[in-house]
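The values are calculated or read from the model by the stated rules, or taken from the named source; none is laboratory data. Nothing here was measured: the structure is a model prediction, and the numbers come from that model. Note: ideal-geometry Cβ built from the backbone for every residue, glycine included; neighbour counts use all protein chains shown. The accessibility values were calculated without ligands, DNA or RNA, using every heavy atom of the protein model including side chains. Shrake-Rupley method; radii C 1.70, N 1.55, O 1.52, S 1.80 Å.
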Amino acid sequence: MKTFVDKEFARSGSPAEVAGKIWATLRNAAENGLSHGALEFFLRSDGPEGAGMSTSSLLISWPPTPRGVAPAPERFAEALAHRAGPRTDVAIIDLPAGRTIHLRGETTLDYHVRMPGDVGYFHLAFSVPLSGTEGPMGNLCDAIAHSLRWV
């Protein structure tokens, strides 16, 4: 990730402290994800050359949960709502993959999808720090979450 940030900012002419903040945010997201069962971390730069770095990321995790211990969606949504900021919308939605707790903040989208067999929740954590969740990148994140299916 450090190489990615250095490469993107070398072209942009942005101040070094901006690159440092982006690097710290990405590092913290990856470390936090790893400590909570992260499986994958995707990062995308969608800005034109020389226009600065506009990134989005997706962290996929499946925190290990013994069968039958995962809370019901309503209880889990309530617990997540207490942790979320006041400007985060929390809802239970039905995706093709199943009952899902959906959190939408200004720059983050989280989907906690209940896994078949009562083995916990599959977590998709999207971050779109520069463009926000109300726009094309937010729509792309929603489309990715809605495409999840169990096979």
Worksheet item: How many residues are closer than 21 Å to L95 by Cβ and in contact with a helix residue (DSSP H, G or I) (Cβ under 8 Å, 6 or more places away or on another chain) when one looks only at segment 123-138?
Response: 6
Worksheet, complete the sentence: Residue count, segment 89-141, condition assigned to a strand (DSSP E or B) and either open to solvent by 30 Å² or more (accessible area, probe 1.4 Å) or not β-branched (V, I, T) (or both), comes to 25
Worksheet item: Across segment 54-66, what is the number of residues that are in a loop (DSSP other than H, G, I, E, B) and in contact with an Asp or Glu (Cβ under 6 Å, 6 or more places away or on another chain)?
Response: 1
Fill in: Set P129, P136: member being of a type outside the set (A, V, I, L, M, F, W, C) and within 18 Å of N28 (Cβ to Cβ)
P129
Worksheet entry | Where a residue in segment 50-62 is farther than 18 Å from A16 by Cβ and its partner, wherever it lies, is β-branched (V, I, T) and modelled with pLDDT of 85 or more, with Cβ under 8 Å and at least six apart | L58/I144
Fill in: Which listed residue is open to solvent by less than 50 Å² (accessible area, probe 1.4 Å) and at pLDDT below 70, from A30, A72
A30
Discussion item. Criterion first (at pLDDT below 70, within 17 Å of L130 (Cβ to Cβ) and open to solvent by 30 Å² or more (accessible area, probe 1.4 Å)) does A10 satisfy it?
Written reply: no
Worksheet item: If you go through segment 95-116 one residue at a time, do you hit one that is in contact (Cβ under 8 Å) with a residue 60 or more places away in the chain and of a type in the set (A, V, I, L, M)?
Response: no
